[in-house]
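What follows draws every value from the coordinates through simple rules; no lab data is involved. What you see is a predicted model; the values in this text were computed from it and never measured. No Cβ is skipped: glycine too gets one built from the backbone with ideal geometry, and neighbour counts run over all protein chains shown.
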Amino acid sequence: METAIRNIHLLSVILFLLIYIIKTYLLLFNKEEALAMFTKGFKIPEMIISFLFLATGIYLITQIPEIKSLLILKIIAVFISIPLAIFGFKKKNKILAASSLLLIIAAYGFAEMSKKQKSKALENITTSVLSGKELYEASCSPCHGDDGKLQKLGATDLSLTTMDIFSKIEIVKKGKGAMTPFEGQLTEDQIKSVVEYTESLKK
């Protein structure tokens with residue numbers, strides 16, 4: 001579920017940015033008739049995209065603490081850009097419209113940074129030699145919990161699972177549902193050590 005929401009969030013940021021690039025271009029080059037037609041034709045889609053942008057952003061802030069600061073900056077940028085855009089396009093003020101577009105571009109940059117920050121944190125972890133327990137606590141416990149019972153975002157209760165080690169290794173490698181695939185992020189040995197540690201969480 002988290003992966004789907006992240007994808008929806010990123011898509012809404014891109015579409016939001018695209019709409020405002022087109023509107024700003026039309027305003028800056030004095031294509032007032034085309035701007036009026038575009039604004040009228042995309043009024044409802046723009047409202048839907050704006051809602052998805054903000055709703056998924058707020059959800060991710062609550063669910064992924066490690067990217068919270070970037071997401072908050074992005075939401076703030078959007079909240080400032082919307083009234084600037086409304087006033088700028090209504091009054092045909094090119095400076096305000098351009099300023100709004102710059103804020104939306106900044107929001108897109110924050111989206112990309114938030115996407116990469118989690119991977120960067122994991123990369124820093126995997127450059128050192130860590131035990132299965134340490135890797136589990138860094139990468140798995142946010143959803144599975146320290147005792148394997150959390151079941152956040154649909155995660156399996158590791159204290160009750162009947163899966164064998166080989167099945168677990170495949171899931172850690174390939175991912176499942178909202179779970180991130182760790183193949184290429186963790187080595188074979190690291191994945192195996194994490195899975196072996198999860199065996200100790202069984203009742």
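I'd like the FRET efficiency for Y25 and F51, computed as 1/(1 + (r/R0)^6) with the beta carbon distance as r and R0 of 35 Å, rounded to 0.05. Before the final figure, lay out each step's value.
Numbers: r = 24 Å, r/R0 = 0.69.
Efficiency, rounded to the nearest 0.05: 0.90.
So between K176 and A98, what do we pick up on full extension, going 0.36 nm a residue minus the alpha carbon distance?
Numbers: separation 78, 0.36 × 78 = 28.08 nm, distance 4.23 nm.
This chain segment gains 23.8 nm when fully extended.
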Nitroxide proxy distance, nm - points 7 Å out along Cα→Cβ at E199 and A138: 2.3 nm
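If R₀ is 30 angstrom, what is the calculated FRET efficiency for the pair I58 and A34, using the beta carbon separation as r and rounding to 0.05? Walk me through the numbers on the way to the answer.
Values: r = 34 Å, r/R0 = 1.13.
Calculated value: 0.35.
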Theoretical FRET efficiency, 1/(1+(r/R0)^6), r = Cβ-Cβ of D189 and F87, R0 45 Å, to 0.05: 0.20
